[in-house]
Amino acid sequence: MADKSDFAFLHPLRVRWAECDAQGIVFNANYFAYYDHAIWEWTKALGYKGWEDAPQFVTAHAECDFKDAAHFDEDIEIGVRAARFGTKSMEVAAAIFRNNALLNVGKLNYVYVTPGTTQSAPLPEEFVARVTAFERVKPSRK
């Protein structure tokens, strides 16, 4: 289970109508778009100015466990944090909250690539150090 206090970064978002299904709840695939948006905002919170200077990753795996639903016009917060570093990859823990209620938890695995390519490469030590200094719960290293 995720706890809101585990996240040094929480991105606020108000649920928009187009993200909901006929029941007025967020359509399940949109939670991955929320994670993706929050990860970019997290990258900026780490101090990267834009796409040009941010590390480049490709998604290798994404999963989500649903606990409750978000509804149209609700305020939610998306928490993301680096949970684990591999040699060439990073696992991100994600969770979405309505106030303190946990709505879902996610896990996303990203592979670092040489900028401008899809060729995997070792994670830059500067990135690992920056993220480790930022996070409340320190990422493990494998």
| Which members of region 31-78 meet the condition of being aromatic (Phe, Trp, Tyr) and out of contact with any Leu (no Cβ under 9 Å at 6 or more places or on another chain)? | Trp40, Trp42, Tyr48, Trp51, Phe57, Phe72
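Considering only residues that are more than 16 Å from the chain's Cα centre (by Cα) and either surrounded by 16 or more Cβ atoms within 10 Å (Cβ to Cβ) or touching a residue at least 60 places away in the same chain (Cβ under 8 Å) (or both), which ones fall in region 103-114? Please lay out each step first, then the result.
Looking only at region 103-114, we keep the residues that are more than 16 Å from the chain's Cα centre (by Cα), and these are 113-114.
Within region 103-114, Val113 is the sole residue that qualifies.
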| query | Looking at this structure, is Arg81 basic (Lys, Arg), closer than 29 Å to Pro12 by Cβ and not in a loop (DSSP other than H, G, I, E, B)? | reply | yes
| query | Just wondering, is there one or more residues in region 126-134 that are of a type in the set (Phe, Trp, Tyr), more than 22 Å from Asn30 (Cα to Cα), assigned to a loop (DSSP other than H, G, I, E, B) and open to solvent by less than 50 Å² (accessible area, probe 1.4 Å)? | reply | no
| query | Could you count how many residues in region 24-62 are modelled with pLDDT of 95 or more, open to solvent by 50 Å² or more (accessible area, probe 1.4 Å) and charged (D, E, K, R)? | reply | 2
| task | Scan Val80, Val15 and give me the residue that is under 22 Å from Arg136 (Cα atoms) and of a type outside the set (Phe, Trp, Tyr). | result | Val80
| message | Can you pull out every residue in region 84-125 that is of a type in the set (Gly, Ala, Ser), closer than 30 Å to Val26 by Cα and either part of a loop (DSSP other than H, G, I, E, B) or in contact with a Leu (Cβ under 8 Å, 6 or more places away or on another chain) (or both)? | response | Ser89, Ala94, Ala95
| query | Pick from region 63-94 the residues that are closer than 23 Å to Thr117 by Cβ and of a type in the set (Val, Ile, Thr): which of them is least open to solvent (accessible area, probe 1.4 Å)? | reply | Val92
| request: Check Asp65, Asp36, Asp53, Asp73 and return the single one that is among the charged types (D, E, K, R), without any contact (Cβ under 8 Å) to a residue 60 or more places away in the chain and part of a strand (DSSP E or B). | output: Asp65
| task | Evaluate the following for Glu74: is it among the charged types (D, E, K, R), at pLDDT 95 or above and under 18 Å from the mean Cα position of the chain (by Cα)? | result | no
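The values are calculated or read from the model by the stated rules, or taken from the named source; none is laboratory data. None of these values were measured; they are calculated from a predicted model. Quick reminder, even Gly has a Cβ in these numbers, built from the backbone with ideal geometry, and neighbours come from all protein chains shown. Please note that ligands, DNA and RNA were not included when accessible areas were found on the heavy atoms of the full protein model with its side chains. Shrake-Rupley method; radii C 1.70, N 1.55, O 1.52, S 1.80 Å.
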